[in-house]
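Enquirer: Take a look at this one; I'll ask things after.
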């Protein structure tokens, strides 16, 4: 069984994807950080002993830097790792962390997120304004890009859409278990006419269709509920394989941040569970989406 997913390549054939280099680097980084703290070294002390810069070691420990075989050898020697199997495992993680994944060719500004998403075992997504990327139709995504600032070129917009549609393959992948995807949407998402009535109707149909997948749960917080804990936020919680720390991805107008401390993960998980508890049930959510879709048909007829 493959450790990655199968996706439709640019030539129209299905390609087996390599294990996410982003996740491999994070897994290695977590191991290195654990070994350093167990041996009583600060980052400064360990870097000084190995003639590294502190930033180099910090980047390796956070999964943002590339570790060479020599780096791994020297770190293992410093931390007293003598077990050959353990050293070989770390060497393998370092090698896989340098591989090229499909999304890297798109030069996406959120490539780190895509690399984490690719191997997440569960994704908890809250959106107060738009449909989550994993559930968007091509036309909906295109309308979103066309309304964004700065405005991308038509070619770049199509590249972004192609990458987004490729990402969506993880929800139905066969090569390994698909992640459990749970999303809570503010009702505003259903009413915002992104791309116009025709595009919006197709998007609402996609939500109803995708909600039938056994690994997908969609819930909506109705307008009638008023204020709620996520009313001014959008965030994703990624649960990773056991050896890799989870992460919260918070997206905003001025940029995106990754939160990884246990207390941050716990806080966002509590908020997400609260949002799930106050939202409509998945069954009632589907009914509401169908109702809004029916209204979009009326709007379409009015303009036709």
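Enquirer: Going by what's in this entry, would residue 47 be described as in contact with a helix residue (DSSP H, G or I) (Cβ under 7 Å, 6 or more places away or on another chain), in the same structural domain as residue 28 (by TED's automatic domain parsing) and free of Cβ contacts under 8 Å to residues at least 60 places away in the same chain?
Expert: On the way: in contact with a helix residue (DSSP H, G or I) (Cβ under 7 Å, 6 or more places away or on another chain): yes; in the same structural domain as residue 28 (by TED's automatic domain parsing): yes; free of Cβ contacts under 8 Å to residues at least 60 places away in the same chain: yes.
Yes, satisfied.
Enquirer: Still on this model: Check 211, 118, 138 and return the single one that is within 27 Å of residue 101 (Cα to Cα) and surrounded by fewer than 22 Cβ atoms within 10 Å (Cβ to Cβ). Write out each step before concluding.
Expert: Details: 211 fails: within 27 Å of residue 101 (Cα to Cα); 118 fails: surrounded by fewer than 22 Cβ atoms within 10 Å (Cβ to Cβ).
Every option except 138 fails the conditions.
Enquirer: On the basis of being on the phi < 0 side of the Ramachandran plot, out of contact with any helix residue (DSSP H, G or I) (no Cβ under 6 Å at 6 or more places or on another chain), surrounded by fewer than 18 Cβ atoms within 10 Å (Cβ to Cβ) and touching a residue at least 24 places away in the same chain (Cβ under 8 Å), does residue 105 make the cut?
Expert: Numbers: on the phi < 0 side of the Ramachandran plot: yes; out of contact with any helix residue (DSSP H, G or I) (no Cβ under 6 Å at 6 or more places or on another chain): yes; surrounded by fewer than 18 Cβ atoms within 10 Å (Cβ to Cβ): yes; touching a residue at least 24 places away in the same chain (Cβ under 8 Å): no.
Spelling it out, it is not the case that residue 105 is on the phi < 0 side of the Ramachandran plot, out of contact with any helix residue (DSSP H, G or I) (no Cβ under 6 Å at 6 or more places or on another chain), surrounded by fewer than 18 Cβ atoms within 10 Å (Cβ to Cβ) and touching a residue at least 24 places away in the same chain (Cβ under 8 Å).
Enquirer: I'd like the residue in region 219-249 that is without any contact (Cβ under 8 Å) to a residue 40 or more places away in the chain and surrounded by fewer than 16 Cβ atoms within 10 Å (Cβ to Cβ) and, out of all such residues, is nearest to the chain's Cα centre (by Cα). Talk me through it step by step, then tell me what you get.
Expert: Applying the first criterion (without any contact (Cβ under 8 Å) to a residue 40 or more places away in the chain) to region 219-249 yields 223-224, 226-227, 242, 246, 248.
Add one more test, that the residue is surrounded by fewer than 16 Cβ atoms within 10 Å (Cβ to Cβ), and what stays is 223-224, 226-227, 242.
Details: 223: 27, 224: 30, 226: 28, 227: 26, 242: 17 Å.
Looking at the filtered set, the residue picked out is 242.
Enquirer: Would you check if residue 124 is touching a strand residue (DSSP E or B) at 6+ places or on another chain (Cβ under 8 Å) and crowded, with 17+ Cβ neighbours inside 10 Å? So that I can check it myself, show each step before the final result.
Expert: Values: touching a strand residue (DSSP E or B) at 6+ places or on another chain (Cβ under 8 Å): yes; crowded, with 17+ Cβ neighbours inside 10 Å: yes.
Considered against the rule, which asks whether it is touching a strand residue (DSSP E or B) at 6+ places or on another chain (Cβ under 8 Å) and crowded, with 17+ Cβ neighbours inside 10 Å, residue 124 comes out as yes.
Enquirer: Same structure, new question: Which condition number in (1) touching a residue at least 60 places away in the same chain (Cβ under 8 Å); (2) in contact with a strand residue (DSSP E or B) (Cβ under 9 Å, 6 or more places away or on another chain) is the one that residue 134 fails?
Expert: Against the list (1) touching a residue at least 60 places away in the same chain (Cβ under 8 Å); (2) in contact with a strand residue (DSSP E or B) (Cβ under 9 Å, 6 or more places away or on another chain), residue 134 comes up short only on (1).
Enquirer: Could you list, in sequence order, the residues of region 31-42 that are more than 12 Å from residue 57 (Cα to Cα), in a helix (DSSP H, G or I) and in contact (Cβ under 8 Å) with a residue 12 or more places away in the chain?
Expert: 31, 35, 38
Enquirer: Just the residues that are assigned to a helix (DSSP H, G or I) and over 19 Å from residue 68 (Cβ atoms), please, taken from region 85-103.
Expert: Taking region 85-103 as the starting set, the residues that turn out to be assigned to a helix (DSSP H, G or I) are 85-96, 102-103.
Those that are assigned to a helix (DSSP H, G or I) and over 19 Å from residue 68 (Cβ atoms): 85, 102, 103.
The values are calculated or read from the model by the stated rules, or taken from the named source; none is laboratory data. Given the structure is predicted, the values throughout are model-derived calculations rather than measurements. All Cβ positions, glycine included, derive from the backbone under ideal geometry; neighbour counts span all protein chains shown.
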